[in-house]
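Q: Let me begin by handing over the structure; questions about it come next.
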Amino acid sequence: MSEVSPQLIDRLLAISRALAGHIDPGSAFRATAIEIGTLIPHDHIDLAVLSLDGRMHACYEAGFHTSWSELAQHPIEGSPIRRVLRGETPYLLSDNALVDDRFHFDGAFDGPIFAAKLRSRIIVPLRARGSVIGALNISRHEAGCYTQADVDVAQQCADLIGPYIFALIQTEEARRAMLAESEARNRAELLRVGASQLTAGMERERRRMAMDLHDQTLADLARIARQVSAFRSRGVARTAQLADLEQEVAGCLAELRHIVDDMRPSVLELFGLRDAVEAHLNRSVARAKPPIAVRIADTSDGSADNLSETLRTALYRIVQEAINNAVRHAGPSRIEVQLASTPNTFSVTVTDDGHGCGAVDPAAQGGIGHMHTRAALVGARLRFEPANRKGGTRVVIEIDREPAADKVLARGAAATEGKPVAEVV
């Protein structure tokens, strides 16, 4: 190689200074592009950086952008500069890349060469630790602009920035690995805490159901048993007495069904989320004094039923608790439930016109805490907000739709009709 001129040394030092302070490969490269341009004039310049496994590469462009940088990564097999990336040739120099067969082959991602009219091209490898880690690509619209001397200068620029870019890539990979590990630990801790909270909640529910059975159903059955014993001892029972006994038995059955429905939402399994929510909504306000008007609207085209059983059950339990809280604590005159969907999300909104719930602590114990725990365990987003300026509460549960659900929805969309809005007062 010929002797390095003082001007070239000054420009290389300027490139080194331009690299300083940048923490990602893209910004670092863009900072050097102007300085490289003082040595090798160009209309387009980009950096192809290999993935760690050497099978893919990412593209960082300075100045105007092409479709090379639109995708996160490209397979090397389709790269027009794959010979340099593989180390098969020390460089590529072309007077007119539009007609240079080295850039064009079956499966080549060479469209930007034609779209941007990149005729004159220099491609030199980036190296770090003795290996090719990518390539520096310099282009002009006019043909025949570059010489071997330009290739030598381009290689000196690449040798200068290569180790720095490699260090930034390694740092970025380490940061991503650290974040992934942290997220995994957080998820594990969330699952542990959530499982503990739900276990404690389930234990409280068991105790509550045991008390309900003992204080109500078992007491009723004991009273019925005494009545039957009295009838047997007298040897006769009047019609009115038998009617009262029948009513007692019917009451016990209704109470047991209510307890079983709380334990296992059979309507959800048989008819879907919309009908299960409507059934619970109507049942919750049936004995309210003063009466509570309810409304349920489903504009989701039934997309809830394309979610997994786990997601549907979690959503139902969260909505169930939101309705119960409104009925028991908010003193509303009206409760509305809205089911909606977008191509990417499914949501359920429970709105009441009661006196509001104030600030909500996600870590609180009890029903609201369980709502947040259930939402976190299935990746749902849960928020509480004022319904309007006058008060009330709006509870919004959003969840990302599963990829498989979109396929099912697409197949069934033509045959699925949204259920009409139901109004009950």
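The values are calculated or read from the model by the stated rules, or taken from the named source; none is laboratory data. Because the structure is a prediction, the values reported are computed rather than measured. Quick reminder, even Gly has a Cβ in these numbers, built from the backbone with ideal geometry, and neighbours come from all protein chains shown. With ligands, DNA and RNA removed, areas are computed over all heavy atoms of the protein, side chains included. Shrake-Rupley method; radii C 1.70, N 1.55, O 1.52, S 1.80 Å.
Q: For the range 88-110, enumerate the residues that are among the acidic types (Asp, Glu) and either outside any loop (DSSP other than H, G, I, E, B) or open to solvent by less than 40 Å² (accessible area, probe 1.4 Å) (or both).
A: Passing the criteria: Asp100, Asp101, Asp110.
Q: Something else: Which pairs have Cβ atoms under 8 Å, sit 6 or more apart or on different chains, and link a residue in the range 89-115 that is free of Cβ contacts under 8 Å to residues at least 12 places away in the same chain to one that is open to solvent by 50 Å² or more (accessible area, probe 1.4 Å) and not hydrophobic (A, V, I, L, M, F, W, C)?
A: Cβ pairs passing all conditions: Thr89/Arg83.
Q: Only one of these is in a loop (DSSP other than H, G, I, E, B), over 18 Å from Ser120 (Cα atoms), under 39 Å from the mean Cα position of the chain (by Cα) and β-branched (Val, Ile, Thr): Ile34, Ile23. Name it.
A: Criteria check complete, one pass: Ile23.
Q: Let me ask something additional. Picking from Arg226, Arg208, Arg232, which residue would you name as being surrounded by fewer than 14 Cβ atoms within 10 Å (Cβ to Cβ), part of a helix (DSSP H, G or I), at pLDDT below 70 and not small (Gly, Ala, Ser)?
A: When all the criteria are applied, what remains is Arg208.
Q: Still on this structure, please answer the following. Restricting to the range 269-283, count the residues that are open to solvent by 30 Å² or more (accessible area, probe 1.4 Å) and either of a type outside the set (A, V, I, L, M) or in contact with a Gly (Cβ under 8 Å, 6 or more places away or on another chain) (or both).
A: Within the range 269-283, residues that are open to solvent by 30 Å² or more (accessible area, probe 1.4 Å) and either of a type outside the set (A, V, I, L, M) or in contact with a Gly (Cβ under 8 Å, 6 or more places away or on another chain) (or both) number 6.
Q: So, in the range 135-153, how many residues would count as being touching a helix residue (DSSP H, G or I) at 6+ places or on another chain (Cβ under 6 Å) and in a helix (DSSP H, G or I)?
A: Residues that pass the stated criteria total 1.
Q: Ile15 versus (1) within 28 Å of Thr147 (Cβ to Cβ); (2) touching a strand residue (DSSP E or B) at 6+ places or on another chain (Cβ under 9 Å); (3) open to solvent by less than 10 Å² (accessible area, probe 1.4 Å): which is the lone unmet condition?
A: Here Ile15 meets the rest and fails (2).
Q: Another one. Can you spot a residue in the range 76-87 that is hydrophobic (A, V, I, L, M, F, W, C), assigned to a loop (DSSP other than H, G, I, E, B), buried (at least 19 other Cβ atoms within 10 Å of the Cβ) and without any contact (Cβ under 8 Å) to a residue 60 or more places away in the chain?
A: Yes: the range 76-87 contains one or more residues that are hydrophobic (A, V, I, L, M, F, W, C), assigned to a loop (DSSP other than H, G, I, E, B), buried (at least 19 other Cβ atoms within 10 Å of the Cβ) and without any contact (Cβ under 8 Å) to a residue 60 or more places away in the chain.
Q: Additional query: Report whether or not Pro291 is open to solvent by less than 20 Å² (accessible area, probe 1.4 Å) and touching a helix residue (DSSP H, G or I) at 6+ places or on another chain (Cβ under 9 Å).
A: Taking the combined requirement at face value, the residue does not satisfy it.
Q: Filter the range 111-134 down to the residues that are in a loop (DSSP other than H, G, I, E, B) and surrounded by fewer than 17 Cβ atoms within 10 Å (Cβ to Cβ), then identify the one that is modelled with the highest pLDDT.
A: Only one residue tops the list, namely Lys117.
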